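To start, the structure itself, in C-alpha cells.
The values are calculated or read from the model by the stated rules, or taken from the named source; none is laboratory data. What you see is a predicted model, and the numbers here were worked out from it, not measured in a lab. Here Cβ is always computed from backbone atoms with ideal geometry, including for glycine, and neighbour counts include all displayed protein chains. Accessible surface areas use protein heavy atoms only, side chains included; no ligands, DNA or RNA. Shrake-Rupley method; radii C 1.70, N 1.55, O 1.52, S 1.80 Å.
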Amino acid sequence: MHTTADVGELARSLVSVPSHEDETEVGDAIEDWLRANTDADVTRDESGNVIARRGSGETSLALVGHHDVVPPAERQIDGDEYVVEECDGRLYGRGTADMKGAVAASMCAFRDATPGGSELLFVSFVGEEQGGIGARAALDSGFDVDYAVVGEGSTGYSAPGVTDVAVAHKGRRGSTLVARGEAAHASEVESGTNAVYRACDAVDVVRGFAFPETEVLGHWMEGSVAVTEIEGGTAWNVIPDRCEVTVDERTVPGVRAPLERVEEIAGVEWRVDQDLPPMACDDAAFADLVLDAAAEAQNGAPEHVVKPHATDAGWLADTGTTCVVCGAAEPGEAHTKGESVSLAVVERCYRIYRGVAERFG
C-alpha cells in the first residue's frame, strides 16, 4: 500500500529541482524514476518531454502534466536551490501547485494502476508556461492519444477543498492592432494623418463586440475581449504616424470575437501574437467516468466545472484528444510567492488518476 508520504515525498523531490530556466534536470529526475520504478517504455523527445507507456489496447489514456515552472519569487529560492517547506499538511515552494504535486500523483498512479484493456501513458511536457512549447512540439512530431486527464488545478471550484473535474476551459488570444498614418507638425494638423485617431476608431469597434459564449456539456461559458494597452506618438508636437493597441481575448470553444472587422478601418492592421486554444470535452461518458473516480476518492461531492485558464489540454483537444482537467491546485495558488499545495489533495489526486486508469477501457 502506497501512502501519502510516498506520493508526497516524490512531490517534494520534484519541487526541489529548479526548472524555470532549464527543465533538463527535473526531466532527468522524472525519467530516471520511471525507469527505476516501472516496467514502462520511457522516452525523452528532442524537446525534453518525458513520455512513458504501459499496457496495450485499441484506445489510449494519458495522465498529463508539465514540469516547467514560472520564475520563483525571492523567498522561494536560496542561491541556486528552491526553498521547499512543509507546514500544516501543505507543501510550499515554486511549482507545488503548478504543477509538480499533480505530476508526482500522476507518476505514482501510472506506476500502480492496472490498465483496463487500454494503453496507459504518463506524459510530462516542457514549456507549458511559455505557451505550450513542449505539447506543440510533441503533437507536431506525431504524438497522439485518445483520452487525457490533464492534472492542472481543479480543486475548490464547486466548494472549498473539493477536487472537481473541469470539462472545459477558456483559451487566450492576444492581438495587436497597428494603426498607421502620416506624420506632420502638430501646428499643421491637416498635413498629416493621425494614427492615434485611427487606433481610437479601432478601439470603438472592439468595445462594441459582444463577449463570446457557448455551452459545454450543459455548462455555460462566457469569454471576454478587452483593450489592455495603447501606445503611439513620438513627441508632443508631432502628429503620430503609428499607434499600437493590445487586445486580450479570452476565447471559448468554437467562438471568437470578429477582430478582423478592425481592418475595415483605413490604415489599421490586425496581428495575432498568441493563440492558446480553449478546451471542451467531447465525450460525456468519459467526463462522467472521471467524475465517478473523483467522487470515490473523497468525502466531498465533486462536480463538472469550467476553468478560466488555458492549459496544455487545449493543444491536445485541438488535435482530437478527448480531455478533462483534474488536479490538486486551488484557485489563487499558482504563480504566487506563497505557492503551496495540500499533500492530502495530492494523495487524493493519486487515487483519482489510478481510479480513472483502472476504470478506463
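What is the Å³ per residue value for the convex hull set by the Cα atoms of the chain?
153
Hey, what D do you get for the range 95-136 in µm²/s if you plug the Kirkwood alpha-carbon radius into Stokes-Einstein at 20 °C and 1.002 mPa s? List each step's numbers first, then the result.
Working: Rh = 11.7 Å.
Here the translational diffusion coefficient equals 183 µm²/s.
Hey, what D do you get for the range 26-86 in µm²/s if you plug the Kirkwood alpha-carbon radius into Stokes-Einstein at 37 °C and 0.692 mPa s?
231
Can you give the angle from 0 to 90° between the axis of helix 101-112 and the longest principal axis of the chain, with both taken from C-alpha atoms, to the nearest 10?
Tilt relative to the chain: about 40 degrees.
Based only on Cα atoms, what Rg/Rh ratio does the range 171-276 have, Rh being taken as Kirkwood's radius?
Rg/Rh for the range 171-276 comes to 1.11.
What is the diffusion coefficient of the range 92-247 in µm²/s, taking the Kirkwood radius over Cα pairs and the Stokes-Einstein relation at 25 °C with a viscosity of 0.890 mPa s? Display every interim value, and only then the final one.
Working: Rh = 20.5 Å.
D = 120 µm²/s.
Could you give the length gained by full extension between ASN237 and ASP28, i.e. 0.36 nm per residue of separation minus their alpha carbon distance, to one decimal place? Mind dumping the intermediate values first?
On the way: separation 209, 0.36 × 209 = 75.24 nm, distance 5.82 nm.
Full extension from ASN237 to ASP28 adds 69.4 nm.
Nearest 5 is fine: what % of DSSP beta bridges in the chain come out antiparallel, could you say?
Approximately 75 percent, going by the DSSP bridge assignments.
In nm, to one decimal, how far is the HIS185 label point from the THR43 one, both placed 7 Å along Cα→Cβ?
Between HIS185 and THR43, the label points sit 6.8 nm apart.
Leaving out ligands, DNA and RNA, what percent of the accessible area of the range 1-155 is carbon and sulfur, probe 1.4 Å?
41
For an R0 of 35 angstrom, estimate the FRET efficiency from the Cβ-Cβ distance between ASP204 and GLU74 and round to the nearest 0.05.
Details: r = 43 Å, r/R0 = 1.22.
Using R0 = 35 Å, I get an efficiency of 0.25.
Averaged per residue, what accessible surface does the range 29-147 expose to a 1.4 Å probe, in Å²?
40
If you line up the Cα atoms of the range 31-145 on their principal axes, what length do they span on each, largest first, in Å?
Principal axes ranked by extent give 48, 33, 20 Å for the Cα atoms.
At most 10 other Cβ atoms within 10 Å and a DSSP loop assignment: could you name the GluC sites (Glu not before Pro) in the range 239-331 that fit?
Listed in order of number, the matching sites amount to none.
With everything on Cα atoms, drop me the angle between helix 24-37 and the longest principal axis of the chain, reported from 0 to 90° to the nearest 10.
Roughly 30 degrees between the two axes.
What is the distance in Å between the Cα centres of the range 230-305 and the range 105-136?
Centre-to-centre (Cα) distance: 25 Å.
Sort out for me the Cα centre separation of the range 40-58 from the range 307-361, rounded to whole Å.
One Cα centre to the other: 19 Å.
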